[in-house]
1. Inspect the range 20-36 for any residue being among the hydroxyl-bearing types (S, T, Y) and within 30 Å of Q262 (Cβ to Cβ) and give the result as yes or no.
2. Please find, within the range 171-185, the residue that is farthest from ligand 1 (Cβ to nearest atom) out of those that are polar (S, T, N, Q) and in contact (Cβ under 8 Å) with a residue 60 or more places away in the chain.
3. Exactly one of (1) within 16 Å of ligand 2 (Cβ to nearest atom); (2) closer than 21 Å to H178 by Cα is unmet by L116. Its number?
4. Based on this model, can you work out whether A91 counts as within 30 Å of D239 (Cβ to Cβ) and either touching a Phe, Trp or Tyr at 6+ places or on another chain (Cβ under 6 Å) or more than 16 Å from ligand 1 (Cβ to nearest atom) (or both)?
5. Could you tell me whether the range 87-101 includes any residue that is of a type in the set (F, W, Y), modelled with pLDDT of 95 or more and under 16 Å from A135 (Cα atoms)?
6. L81 fails exactly one of the following numbered conditions: (1) touching a Gly at 6+ places or on another chain (Cβ under 6 Å); (2) within 28 Å of G240 (Cα to Cα). What is the number of that condition?
7. So for the range 141-159 (the condition being crowded, with 23+ Cβ neighbours inside 10 Å and of a type outside the set (V, I, T)), does at least one residue qualify?
8. Return the total of residues in the range 41-59 being more than 18 Å from the chain's Cα centre (by Cα) and either under 15 Å from H178 (Cα atoms) or crowded, with 17+ Cβ neighbours inside 10 Å (or both).
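The values are calculated or read from the model by the stated rules, or taken from the named source; none is laboratory data. Here the structure is a predicted model, which means the values were calculated and not measured. Note that we place each Cβ from the backbone using ideal geometry, even for glycine, and neighbour counts take in every protein chain shown.
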Amino acid sequence: MTKILLANEQAIRLGIFLGVFALMALWEILSPRRVLTQSKAVRWYSNLGIVAVNTVLARMVFPMAPIAVALLAQERGWGVLNLYQAPEWCAVLGAVVVLDFAIYLQHVMVHAVPMLWRLHRMHHADLDFDVTTGARFHPIEIILSLAIKMAVIVLIGAPVVAVLIFEVVLNATAMFNHSNVNLPLGLDRVLRWLVVTPDMHRVHHSVVPYETNSNFGFNLPWWDRLFGTYRDQPEKGHDGMTIGIDLFRDAGELHLHKMLVQPLIGGAGEYPINRRDWDQK
Ligand SMILES: [Zn+2]
Ligand SMILES: [Zn+2]
């Protein structure tokens, strides 16, 4: 089973990525939540272009995929779950939940630390919010995030199946919760107890700092509720809210070559913790 998964890992991931992407892209066209304000051609070229850059770079920096790291940890007996013989379903479920919690904590960290916010803010600089926004991350953030993920895999001794499930599910939910789809409000209410919905994550893409610094979850919605970072809706509503960050409001910033240098442009701004002028706000 593990051998089959390892041999077909890339095909499985690519197949599910393309399938979910096509589904969400079509759904957005048929039933959009908001009217998009920017050229879709420019945004899609840039957001998908950065996916290509990130894929090649990740392969170069880490020849070993996270799933192969999990196999190595299993063979060497590294990590908590490889030391104790837990039932397999229990180890898989536990590892998926712990990996999701780690991603939540990482997301809070990249918002809190000014230097890391410079990297992560490129994700927030998109002036519209659709399925491609979910894949838009700066290459250096991708490398950092892979290193953290691999460290967590080794520490907990995550089973190979758990890593594959986590990667596939996280990829699919990131596309779902960034998509511009119009979900019935009643369905959104129920669904956001199980998974982060587009309405829930859109609050995180608001230009208003206290809204940006909420709803950090990418996959499981519980961490935000548990740790007090949950915000139900944007103050101005989903149609009235502004998407993006203060620093990059110009449509020219949506081009790929501009996105890559955004971490170096301007100051860290008022989004990271302890960077606000408390006397005035
Ligand atoms: Zn963020
Ligand atoms: Zn996002």
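1. There is no residue in the range 20-36 that is among the hydroxyl-bearing types (S, T, Y) and within 30 Å of Q262 (Cβ to Cβ).
2. N182
3. The single condition L116 does not satisfy is (2).
4. No, not satisfied.
5. No, every residue in the range 87-101 fails to be of a type in the set (F, W, Y), modelled with pLDDT of 95 or more and under 16 Å from A135 (Cα atoms).
6. (2)
7. Taking every residue of the range 141-159 in turn, at least one turns out to be crowded, with 23+ Cβ neighbours inside 10 Å and of a type outside the set (V, I, T).
8. Qualifying residue count, the range 41-59: 0.
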